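Read the structure below first, then the notes.
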Amino acid sequence: MTTVREAAHRLEAAGVASPLHDAKELFRHAAERSLDVNELVAARAARVPLQHLLGSAGFRYLDLAVGPGVFVPRPESELLVDAVLNAIRDVDRPRVVDLCSGSGAIGLSVAHEHPEAAVDLVESSDDALPWLRRNADGFGNVRIHHADLDAAPDDADGAADVVVSNPPYVALDERDLVDPEVRDHDPGHALWAGADGLDVIRRVVARAVTLLRPGGALVIEHSDRQGETAPAVVSAAGFTAVTDHLDLTGRPRFVTARRPC
């Protein structure tokens, strides 16, 4: 293979959604690292995620290390950071808890863009933890908790200004709807969430009840098929101002709410 155009044709034939962009990125990466571009293109044609091949994923102002064992952050999740920043805009030294942190994309972005915030990152996966620690290196305003979301942080009950989460939310019968890059390479613990895809969202909501101070904000991502069911879970837990939000493509993407005062 000699040209970017030839690589793009191969990726397009394999069903890659952005073949020309990916081909350019692979050629650039191969040149910078003295790698075999043919091997990289072949792996991408086999639907290995581009971010795994590059070793990183851009997210807002951060370049996050990613690879096998950790969920690759998506651009649509960047809107959750805006929601968190809006919620803490007028709060003095706010405390934010990011449940199911994964690579740390959301929580670290909040810590980066609001340096006065104290951010707790909670992740239970042994495989995701090294990636989270690597990405959090150098941040002085974050704490990492290798623990189940139901238990950590154990010193924040009633003190959090915001609880945010991008939890697993894919229903078990939706496996065939998921792209190969996600289904075959993102870790199952970050994807599957029971028969209706809401099992972990229910746990996040229940934990947020104890973590949030009165008036504190909840921000949770969900699938574009849960624009009604996810807000219903939040409402049933007693939260107020429950509002669902669209992503940049106009699809239901995340819900915000407030713990009653």
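The values are calculated or read from the model by the stated rules, or taken from the named source; none is laboratory data. Just so you know, these numbers come straight off a predicted model, no measurement behind them. Ideal geometry is used to build each Cβ from the backbone, glycine not excepted, and the neighbour counts take in all protein chains shown.
What the table shows:
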{"read-out": "Odd one out for Asp184 among (1) farther than 30 Å from Ser18 by Cα; (2) loosely packed, with under 14 Cβ neighbours inside 10 Å", "value": "(1)"}
{"read-out": "Segment 243-261: number of residues that are part of a strand (DSSP E or B), out of contact with any helix residue (DSSP H, G or I) (no Cβ under 6 Å at 6 or more places or on another chain) and over 17 Å from Arg207 (Cβ atoms)", "value": "4"}
{"read-out": "Close pairs (6 angstrom Cβ cut-off, 6 or more residues apart or separate chains): farther than 24 Å from Pro168 by Cβ and charged (D, E, K, R) in segment 89-102, modelled with pLDDT of 95 or more and surrounded by 24 or more Cβ atoms within 10 Å (Cβ to Cβ) anywhere", "value": "Arg95/Ala160"}
{"read-out": "Residues of segment 144-165 satisfying the condition of being crowded, with 20+ Cβ neighbours inside 10 Å, farther than 14 Å from Glu123 by Cα and at pLDDT below 90", "value": "Ala156"}
{"read-out": "Selection count where residues are assigned to a helix (DSSP H, G or I) and of a type in the set (Val, Ile, Thr), scope segment 29-66", "value": "2"}
{"read-out": "Only listed residue being under 17 Å from the mean Cα position of the chain (by Cα) and assigned to a strand (DSSP E or B), chosen from Val84, Val162, Val110", "value": "Val162"}
{"read-out": "Any hit, segment 131-142, residues being surrounded by fewer than 22 Cβ atoms within 10 Å (Cβ to Cβ), under 18 Å from the mean Cα position of the chain (by Cα) and more than 14 Å from Ser109 (Cα to Cα)", "value": "yes"}
{"read-out": "Segment 221-258, residues that are surrounded by 20 or more Cβ atoms within 10 Å (Cβ to Cβ) and out of contact with any Phe, Trp or Tyr (no Cβ under 6 Å at 6 or more places or on another chain)", "value": "Gln226, Ala230, Pro231, Val233, Val234, Phe239, Arg253, Phe254, Val255, Thr256"}
{"read-out": "In segment 103-144, the residues that are of a type in the set (Gly, Ala, Ser) and free of Cβ contacts under 8 Å to residues at least 12 places away in the same chain", "value": "Gly138, Gly140"}
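One line per residue, one yes/no per condition, for (1) in contact with a helix residue (DSSP H, G or I) (Cβ under 9 Å, 6 or more places away or on another chain); (2) among the polar types (S, T, N, Q):
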| residue | (1), (2) |
| --- | --- |
| Ala190 | no, no |
| Asp196 | yes, no |
| Ala206 | no, no |
| Gly215 | no, no |
| Ser223 | yes, yes |
| Ser235 | no, yes |
